[in-house]
Amino acid sequence: MNIRNVSVVGGGTMGNGIAHVFALNGFSVNLVELNEELAQKAIKNISLNMDRQVKKGIIAESKKAEAMIKITAISGIENTPEESDLVIEAIYENKEAKNNIFNKLSNIIKSNSIFASNTSSISITELARGIRSDKFIGMHFMNPVPVMQLVEIIRGYSTSDETFQVIKDLTLKLNKIPVEVFDYPGFISNRILMPMINEAVFALMEGVASAESIDNVMKLGMNHPMGPLSLADFIGLDVCLAIMEVLHSGFNDSKYRPCPLLKKMVAANKLGKKTGEGFFKY
């Protein structure tokens, strides 16, 4: 299958990053949002992010111009173009909301198209239930998408070998590195990363060390580029909590129990960088 026309549903940080990368690599991209205002905001953010790449000498101004022409803002999921070869869902981490989108799209998009979710933890098999399950797959991009090389490609129970190969080859065309992962809660990245972050929050709650000290131990002692608490702030504490809850529910194992402090901070809307305060102030 030759994928040329891609629709990305959701224009937030992940969605606009995915659209950005596809457009830079010559694909026609439909960026689908709930309304025109959100769609145009996403397009503006892509333009600003490409400007940064131009300033750093990563891409030429002409390359940016070519890429931006390839992105079309779409207002309303029901207006997603039927001829899309691939649809990538990149909304917030909620199974019901994602299922609602795919149910709508299944009646709109041509039957031989592939559906993909950028979910960071929700079961691909469950999302694909009753919706072209052989052509359903996970494409978990890393944040920030234009910078990070990894794409976790998650095979649901019924994902066909053909679908996997098409998406693997496509990922290589994006100059990304595909890693095959099977469908278990949290996949690989978040099954390992989130319990580490959660344990760092426990250490903070128990008074083992300050937030700065915890991060410094991991940066200076383990050579991590960013400490776990800073990383949690960058990801969003609400996202971290949602993933921990998926792990806890999926494995039914107390080692994945979300730290009470993490839950308290989310309840207080101290979500990290996006709200101006999390474990650190911004």
Legend entry - Residue of Leu229, Leu150, Leu193 that the Gaussian network model of the chain assigns the largest fluctuation, springs spanning Cα pairs under 10 Å: Leu193
Inset, instruction - Would you mind giving the average projected area, over all directions, of the Cα convex hull of the range 194-282 in nm² with one decimal? - result: 5.5 nm²
Inset, instruction - Select from Gly138, Gly17, Gly57 the residue whose mean-square fluctuation is largest in a Gaussian network model of the chain (Cα-Cα springs shorter than 10 Å). - result: Gly57
Inset, instruction - For Lys44, list the lysines whose Cα falls under 26 Å from its own Cα; do not include residues on the same chain fewer than 8 positions away. - result: Lys55, Lys56, Lys63, Lys64, Lys70, Lys98, Lys173, Lys176, Lys273, Lys274
Inset, instruction - Could you tell me what % of all Cα pairs in the chain have separations over 29 Å? - result: 35 percent
Legend entry - Test item: Cα-centred dipole of the chain, Lys/Arg +1 and Asp/Glu -1 on Cβ, debye: 460 debye
Inset, instruction - Could you size up the charge dipole of the range 1-88 around its Cα centre, putting +1 on the beta carbon of Lys and Arg and -1 on that of Asp and Glu, and report it in debye to the nearest 20? - result: 580 debye
Legend entry - Label point distance in nm, Glu83-Arg129, each placed 7 Å from Cα along Cα→Cβ: 3.6 nm
Inset, instruction - Using a Gaussian network model of the chain whose springs link C-alpha atoms within less than 10 Å, name the residue from Ser28, Ser121, Ser158 with the highest mean-square fluctuation. - result: Ser158
Inset, instruction - Calculate for the chain the 222 nm mean residue ellipticity that helices alone would give, adding -39,500 (n - 2.57) per DSSP H run of length 4 or more and normalising by residue count, nearest 500 deg cm²/dmol. - result: -13500 deg cm²/dmol
Inset, instruction - Please find the FRET efficiency linking Met1 to Thr275, where r is the Cβ-Cβ separation and R0 is fixed at 30 Å, and quote it to the nearest 0.05. - result: 0.15
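Bear in mind these aren't lab numbers, they're just calculated from the coordinates by the rules spelled out. It should be emphasised that the depicted structure is a prediction, and the values quoted were computed from it without experimental measurement. Heads up, the Cβs are rebuilt from the backbone with ideal geometry, glycines too, and the neighbour counts pull from every protein chain shown.
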